[in-house]
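Notes follow the structure.
The values are calculated or read from the model by the stated rules, or taken from the named source; none is laboratory data. From a predicted model like this one, the values you see are computed outputs, not experimental measurements. For neighbour counting, all protein chains shown are included, and Cβ atoms are generated from backbone atoms with ideal geometry for every residue, glycine included.
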Amino acid sequence: MDLTTTSVNMKDFGIELKDVQQAHERVKRHTKITPVMDFDYFDNKVSCKLYFKCELFQKTGSFKFRGAINSVSKLVEKEAPTDNVTVVTHSSGNHGQAVALAAKLCHVKAHIVMPSNAPTCKVNGVKGYGATVIHCFPSERAREEEADKVIKETNGCFIHSSQSLDVIAGQGTIGLELLEQVADLDAIVAPVGGGGMLSGICIAAKSIKPSIKVYAAEPINADDCARSMKAHKLLPNEKTPDTVADGLRVSVGPVTWPILHKLLDDVIVVSEEEILDNLRLMLEKTKLLIEPSSAVGVAAVRSSRFNHLIQEQNLKKVGVVLCGGNIDISKLKAILK
Ligand SMILES: Cc1ncc(COP(=O)(O)O)c(C=O)c1O
């Protein structure tokens, strides 16, 4: 999409740069400033310089902690004393772990609804942070229904993994941080599931540097964002997508859609084979163990479609968000073969 970003009023979205900056002030005592890494191997293979933002080193092993700690901290600021505060969410894992740790740090209770096919390492992570896990059938609807039940039972406060403005503002701190670390980036590429991370990045990065391009990376088997952008209307996945990138099985929703529709420059879709090839490649060439959702972004920047964008848009420096590193070690053998 050819967009004159300066003409977009971020206030229309109910969230703007100052919300991301306030989130940054709120969360910075808890979050890590994750490193940005570059590798000769990729610089020689892709015709632009790639800067990998390593959110796999964020607390809980993914960027999700940024949005979760922003939401829970803000809630606790409003609700003190916190003795009776309970937070509830549904999550395939990373958001659940993030909310569980945020709740622990803010001294509130957490109940996390998780689909029965969630990776074991993520379920154990949530339990390890002291939250209560409730298992449900692996569908969007079952997750929502179970979470509604838990909210009623606990009088809990729901924290959506992507359709919450406080979560989006927290995720946007990736964009703030990345532009401080590499000021002259021409583009940022990040995977899209519900779109919380990309919405926050778009708001932050395009407010600071209106000329920057932001691209989504998505599994072809969960291509709701690509289809929606093409049709200019929200077209969620009809069934739970069959993709190894478990963090990207959710669809863009009503809060993130208007932001992405206006601000996103393009969506690059990648196959299951490309996801696994790039997961293996990252381990071999960079020694970074990323989860499949992160490999979606790597696959996107190595695709012929992105090579075309590099030439067309004259991209010289590109940030790639390695969004998480939570992978079941027991499944690694099968993935690596
Ligand atoms: C590792 C990882 N990357 C990307 C995403 C997608 O994030 P969002 O739903 O904000 O688009 C998720 C969501 O769970 C995730 O766990």
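Here are the numbers for this structure:
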item	result
ALA23 more than 20 Å from VAL296 (Cα to Cα) and either crowded, with 21+ Cβ neighbours inside 10 Å or assigned by TED's automatic domain parsing to the domain that holds VAL296 (or both)	yes
Some residue of the stretch 191-206 being out of contact with any Leu (no Cβ under 9 Å at 6 or more places or on another chain) and either among the hydrophobic types (A, V, I, L, M, F, W, C) or not assigned by TED's automatic domain parsing to the domain that holds GLU25 (or both)	yes
All positions within the stretch 291-304 that are under 12 Å from GLU218 (Cβ atoms) and away from the ligand (no atom under 12 Å from the Cβ)	ALA299, ALA300, SER303
Counted residues, the stretch 251-287 - those being part of a helix (DSSP H, G or I), farther than 18 Å from ILE327 by Cα, among the hydroxyl-bearing types (Ser, Thr, Tyr) and more than 14 Å from the ligand (Cβ to nearest atom)	0
Hits in the stretch 215-242 (condition: within 16 Å of the chain's Cα centre (by Cα) and of a type in the set (Ser, Thr, Tyr))	TYR215
Matching entry among CYS121, CYS106 (being within 20 Å of CYS323 (Cα to Cα), buried (at least 16 other Cβ atoms within 10 Å of the Cβ) and not assigned by TED's automatic domain parsing to the domain that holds GLY196)	CYS121
Only one of ALA245, ALA226 that is over 16 Å from HIS95 (Cα atoms) and either of a type in the set (A, V, I, L, M) or not assigned by TED's automatic domain parsing to the domain that holds HIS24 (or both)	ALA226
Matching entry among LEU264, LEU281, LEU260, LEU309 (being surrounded by 20 or more Cβ atoms within 10 Å (Cβ to Cβ), over 19 Å from the mean Cα position of the chain (by Cα) and not basic (Lys, Arg))	LEU309
Single condition ILE290 does not satisfy, out of (1) crowded, with 20+ Cβ neighbours inside 10 Å; (2) part of a helix (DSSP H, G or I); (3) modelled with pLDDT of 95 or more	(2)
Failed item in (1) without any contact (Cβ under 8 Å) to a residue 12 or more places away in the chain; (2) in contact with a Ser or Thr (Cβ under 8 Å, 6 or more places away or on another chain), with ASN124 passing the rest	(2)
Search result, residues across the stretch 134-160 that are hydrophobic (A, V, I, L, M, F, W, C), surrounded by 14 or more Cβ atoms within 10 Å (Cβ to Cβ) and free of Cβ contacts under 8 Å to residues at least 24 places away in the same chain	ILE134
Residue identified as in contact with a Cys (Cβ under 7 Å, 6 or more places away or on another chain), away from the ligand (no atom under 15 Å from the Cβ) and among the basic types (Lys, Arg) among LYS233, LYS316	LYS316
Residue identified as in contact with a strand residue (DSSP E or B) (Cβ under 8 Å, 6 or more places away or on another chain) and at pLDDT 95 or above among ILE201, ILE208, ILE168	ILE201
Among the residues listed as LEU315, LEU309, the single one being part of a loop (DSSP other than H, G, I, E, B) and not assigned by TED's automatic domain parsing to the domain that holds LYS122	LEU315
The stretch 60-100 - residue that is in a loop (DSSP other than H, G, I, E, B) and within 11 Å of the ligand (Cβ to nearest atom) and, of those, surrounded by the most Cβ atoms within 10 Å (Cβ to Cβ)	PHE63
Residues (part of a helix (DSSP H, G or I) and among the aliphatic types (A, V, I, L, M)) located in the stretch 25-58	VAL27, LEU56
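For every residue, the table says whether it meets (1) within 16 Å of the ligand (Cβ to nearest atom); (2) of a type in the set (D, E, K, R); (3) crowded, with 24+ Cβ neighbours inside 10 Å.
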| residue | (1), (2), (3) |
| --- | --- |
| PRO191 | yes, no, yes |
| SER199 | yes, no, yes |
| ALA205 | yes, no, yes |
| LYS213 | no, yes, no |
| GLU218 | yes, yes, yes |
| ARG227 | yes, yes, no |
